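J.: Quick one: the structure is below, questions incoming.
Since every read-out is calculated from the coordinates, none of them should be taken as a lab result. Here the structure is a predicted model, which means the values were calculated and not measured. Every residue, glycine among them, receives a Cβ derived from its backbone with ideal geometry; neighbour counts consider all protein chains shown.
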Amino acid sequence: MTERFNIHSQLEHLQMKYVGTGHPDVTRYEWVVNHHRDSAASYVGHQHLMMMFGVAENESMGRIKQRLLTQMLAPCGKEPKGADEEDDDDDDE
């Protein structure tokens, strides 16, 4: 029983320490936004991935980097207005 509590407390600590690990109340939109931002940050941080994207898209590395950085501002567009309300309605049924 103490092992289960220990694992649970470690998970809570990781969720408080790192933003992208989520929590029980995270919405689908927030999770996808974190995933896209983490991916774009990884692509920008690894030069060989940027070179691969540049060759595949026939673009310079600077343009690829600029596109990825601007994409990180709103990677999935605007947050849907009624996403939380729809989830709450499904639980009532």
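J.: Need one number: nm distance between label points at E3 and Y29, each 7 Å from Cα along Cα→Cβ, rounded to one decimal.
T.: Result for the modelled spin labels: 4.2 nm.
J.: Here is a follow-up. At a Förster radius of 35 Å, what calculated FRET efficiency corresponds to the Cβ-Cβ distance of K81 and S60, to the nearest 0.05?
T.: The computed FRET efficiency comes out at 0.40.
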